[in-house]
Amino acid sequence: MSIKYAEFLLERAKRYMHSAKRNFEEKLYDVSALEAEIASQLALKAIIAKCGFHIPRTHRIRQLISFIIESELLPKDLTKK
């Protein structure tokens with residue numbers, strides 16, 4: 001994956017998070033939660049893409065986090081149990 005694609009995903013994540021915050025302030029909690037979840041997915045996918053890996057075709061945050069941990073994309077001290 002290219003760095004440009006990773007940056008594109010991160011920008012989309014930021015836009016979703018901005019919208020989630022705005023909807024939260026307007027007490028639209030269900031919409032806000034959905035947008036925050038999408039922002040999280042996009043940010044995790046941006047990390048994976050930036051590290052040069054093929055992004056898993058899933059929307060499950062737990063699977064994306066597991067992929068990041070199993071691929072050792074984070075520093076060891078962050079993944080210690």
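The values are calculated or read from the model by the stated rules, or taken from the named source; none is laboratory data. Every value quoted in this text rests on a predicted model; they were computed, and no experiment measured them. Neighbour counts are summed over all protein chains in view; Cβ atoms, including those assigned to glycine, are modelled from backbone coordinates with ideal geometry.
A few remarks follow.
- Subset of the range 1-42 (residues that are at pLDDT below 95 and either buried (at least 17 other Cβ atoms within 10 Å of the Cβ) or part of a loop (DSSP other than H, G, I, E, B) (or both)): Met1, Ser2, Ala6
- Looking across the range 43-81, the residues that are basic (Lys, Arg), farther than 21 Å from Lys4 by Cβ and modelled with pLDDT of 90 or more come down to Arg60, Arg62.
- Residues that are in a helix (DSSP H, G or I) and either touching a Lys or Arg at 6+ places or on another chain (Cβ under 8 Å) or surrounded by 11 or more Cβ atoms within 10 Å (Cβ to Cβ) (or both), drawn from the range 47-73: Ile47, Ile48, Ala49, Lys50, Ile61, Gln63, Leu64, Ile65, Ser66, Phe67, Ile68, Ile69
- Of the residues making up the range 35-59, not one is hydrophobic (A, V, I, L, M, F, W, C) and without any contact (Cβ under 8 Å) to a residue 12 or more places away in the chain.
- Test result for Ala13, within 19 Å of Glu72 (Cβ to Cβ) and touching a residue at least 24 places away in the same chain (Cβ under 8 Å): no
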